[in-house]
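Contents: one structure, followed by commentary.
Each reported figure results from applying straightforward, stated rules to the coordinates on display, with no laboratory input. Because the structure is a prediction, the values reported are computed rather than measured. Note: ideal-geometry Cβ built from the backbone for every residue, glycine included; neighbour counts use all protein chains shown.
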Amino acid sequence: MAYDWSIETYVTTIEGSYMPSELPFMVSNAGGSCAVGQWLRWEIRGSDTASRNINIQSVMAGLMAARAANRKVRLFGRNNGCVIEHIHLL
């Protein structure tokens, strides 16, 4: 998986309506061509339904924890579609 940019930032908004296929969220800093206030997208990953459900639930839990604790995350993303490839909780 290739990425175009990485940032350390705070999670500001999480949109759970599109689960379990994707998880849009916003952060406090721009990343690459993805502006502040633009939705970033975590796309579901896994080889079967069970692993995909665990993946999206785990990412949601991590983003919620970072938001609730006001802790930074490190994101690695692609400019095309503002898709996030990796998330590190800091």
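Brief remarks on what is shown
- Residues with amide H under 5 Å from that of Y18, placed H, sequence gap 5 or more: none
- For the chain, DSSP calls about 95 percent of its internal beta bridges antiparallel.
- For the pair E22 and L90, the difference between a 0.36 nm per residue extended length and the Cα-Cα distance amounts to 22.2 nm.
- For M60, net neighbour charge (Lys/Arg +1, Asp/Glu -1) across residues whose Cβ lies under 14 Å away: +1
- Taking amide H positions as modeled 1.01 Å from N, with prolines and chain starts lacking one, the residues under 5 Å from A30 and 5 or more places away or on another chain are V36.
- Segment 24-40 - phi-based ³J(HN,Hα) in whole Hz, Karplus 6.51/-1.76/1.60, Gly and Pro as x: x, 7, 10, 10, 8, 10, 6, x, x, 8, 8, 6, 4, x, 8, 5, 9
- Residues whose placed amide H lies under 5 Å from that of D4, excluding near-sequence neighbours: G77, R78, N79
- Amide N proximity, segment 22-42 versus Y10 label position 7 Å along Cα-to-Cβ, cut-off under 19 Å: 25-31, 35-40
- Here the 3J(HN,Hα) profile of segment 72-89, calculated from phi with Karplus coefficients 6.51, -1.76 and 1.60 at θ = phi - 60°, is 6, 10, 10, 10, 10, x, 10, 5, 5, x, 6, 8, 8, 9, 9, 10, 10, 8 Hz, Gly and Pro shown as x.
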